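J.: Dumping the structure here so I can ask a few things about it.
The values are calculated or read from the model by the stated rules, or taken from the named source; none is laboratory data. These figures come from a predicted structure and were not determined experimentally. Note: ideal-geometry Cβ built from the backbone for every residue, glycine included; neighbour counts use all protein chains shown. Heads up: the accessible areas ignore ligands, DNA and RNA and are worked out on the full protein's heavy atoms, side chains in. Shrake-Rupley method; radii C 1.70, N 1.55, O 1.52, S 1.80 Å.
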Amino acid sequence: MTSSHPKSPWILARSAQAAVATAAVVDVFRAVAVRDHYLHRTDATLHRSGLISMVFVYLMTLTVALFLVWLARSRRTAQELSPGAPLPSPGWTIGAWFIPLVNLVVPRGIVLAVGRAGSVSWEERRDTTLVNLWWAACVTHALLIVVTNQVAPGSTALLVVAEALMIAAAALLGLVIQRITALQHSALGVTVPVAPPAQV
């Protein structure tokens with residue numbers, strides 16, 4: 001028995017990519033505004049940093065939501081393409097991102113599992129390296145922000161490095177989304193998913 005033919009989430013992918021890119025750019029303005037207020041505490045700098053920070057929080061919330069919806073959809077498509085593949089549960093696919101410490105390690109494996117299961121064209125060395133580079137930039141940026149806020153909140157050097165990592169992580173995530181979606185789209189063009197046999 002053949003299941004309904006799944007569709008690759010191109011609209012979700014493009015929306016997530018656009019949100020990621022926009023959030024990264026806004027974060028640069030946010031970081032500069034916050035540093036400016038730290039060095040020159042006036043009502044004007046407080047208002048500017050507060051406004052940009054608020055916009056960033058709203059935008060980042062939208063970005064996270066779009067990315068996780070894309071990931072959940074890609075996971076479902078990967079499962080339909082490879083019914084026996086070792087994929088995380090739908091709940092864990094989303095929930096792992098919100099558990100402290102766990103979210104520093106597990107989400108990388110989830111993205112890799114979705115990528116591998118979604119297409120036989122997944123290139124282990126190249127594609128895994130792409131995911132690893134994105135995750136390294138993302139985690140390093142997060143840790144550097146914590147260190148900067150605790151040790152040297154006004155440091156220009158740390159600000160530049162942190163924002164460079166943010167831009168790099170955003171660009172690499174865009175490529176990860178593109179790669180996984182393209183592979184699934186290609187697989188869907190030549191594969192008719194078959195439902196796993198009913199268990200007795």
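J.: Where the second residue is surrounded by 18 or more Cβ atoms within 10 Å (Cβ to Cβ) and of a type outside the set (A, V, I, L, M, F, W, C) and the first is at positive phi and in contact (Cβ under 8 Å) with a residue 40 or more places away in the chain and lies in region 13-38, which pairs have Cβ atoms under 7 Å and are six or more apart or on separate chains?
T.: Going by the 7 Å Cβ cut-off, there are no qualifying pairs.
J.: Another one. Would you point out the residue of region 153-188, among those that are over 12 Å from residue 118 (Cβ atoms), part of a helix (DSSP H, G or I) and small (Gly, Ala, Ser), that is farthest from the chain's Cα centre (by Cα)?
T.: Here the residue is 157.
J.: I need the full set of residues from region 161-170 which are of a type in the set (Gly, Ala, Ser) and without any contact (Cβ under 8 Å) to a residue 24 or more places away in the chain, in order please. It would help to see each step written out before you state the result.
T.: Of all residues in region 161-170, those of a type in the set (Gly, Ala, Ser) come to 162, 164, 168-170.
Hit for region 161-170 is 164, nothing else.
J.: For region 78-122, enumerate the residues that are of a type outside the set (A, V, I, L, M, F, W, C) and either touching a residue at least 60 places away in the same chain (Cβ under 8 Å) or at positive phi (or both). Even if it seems obvious, please write down each step before you answer.
T.: Of the residues in region 78-122, the ones of a type outside the set (A, V, I, L, M, F, W, C) are 79-80, 82-84, 86, 88-91, 93, 95, 100, 103, 107-109, 115-116, 118-119, 121.
Within region 78-122, 80, 83, 84, 115, 118, 119, 121 meet the criteria.
J.: Now for a different question. Regarding residue 108, is this residue assigned to a helix (DSSP H, G or I), at pLDDT 95 or above and of a type in the set (D, E, K, R)? I'd like the intermediate steps shown before the answer.
T.: Working: assigned to a helix (DSSP H, G or I): yes; at pLDDT 95 or above: yes; of a type in the set (D, E, K, R): yes.
Yes, satisfied.
J.: When you check residue 57 against the structure, is it open to solvent by 30 Å² or more (accessible area, probe 1.4 Å) and modelled with pLDDT of 90 or more, yes or no? Let's see the steps before the verdict.
T.: Values: open to solvent by 30 Å² or more (accessible area, probe 1.4 Å): yes; modelled with pLDDT of 90 or more: yes.
Spelling it out, residue 57 is indeed open to solvent by 30 Å² or more (accessible area, probe 1.4 Å) and modelled with pLDDT of 90 or more.
J.: Looking at (1) of a type outside the set (Asp, Glu); (2) surrounded by fewer than 18 Cβ atoms within 10 Å (Cβ to Cβ); (3) in contact with a His (Cβ under 9 Å, 6 or more places away or on another chain), can you tell me which one residue 143 breaks?
T.: For residue 143, the failing item is (3).
J.: Further, regarding this structure: Looking at region 60-86, which of the residues that are of a type in the set (S, T, N, Q) and over 25 Å from residue 138 (Cα atoms) is most open to solvent (accessible area, probe 1.4 Å)?
T.: In the first step, residues of region 60-86 are kept if they are of a type in the set (S, T, N, Q); the result is 61, 63, 74, 77, 79, 82.
Now narrow it down to the ones that are over 25 Å from residue 138 (Cα atoms): 77, 79, 82.
Working: 77: 2, 79: 79, 82: 38 Å².
If we take residues in region 60-86 being of a type in the set (S, T, N, Q) and over 25 Å from residue 138 (Cα atoms), then 79 is most open to solvent (accessible area, probe 1.4 Å).
Condition check ((1) at pLDDT 90 or above; (2) touching a strand residue (DSSP E or B) at 6+ places or on another chain (Cβ under 9 Å); (3) surrounded by fewer than 19 Cβ atoms within 10 Å (Cβ to Cβ)) across all residues:
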{"position": "13", "(1), (2), (3)": "yes, no, no"}
{"position": "21", "(1), (2), (3)": "yes, no, yes"}
{"position": "32", "(1), (2), (3)": "no, no, yes"}
{"position": "43", "(1), (2), (3)": "no, no, yes"}
{"position": "47", "(1), (2), (3)": "no, no, yes"}
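J.: While we're looking at this one, here's another question. Applying the selection to region 87-105, what residues are among the polar types (S, T, N, Q) and either assigned to a loop (DSSP other than H, G, I, E, B) or open to solvent by 50 Å² or more (accessible area, probe 1.4 Å) (or both)? Even if it seems obvious, please write down each step before you answer.
T.: As a first pass, look at region 87-105 and keep what is among the polar types (S, T, N, Q): 89, 93, 103.
Hit for region 87-105 is 89, nothing else.
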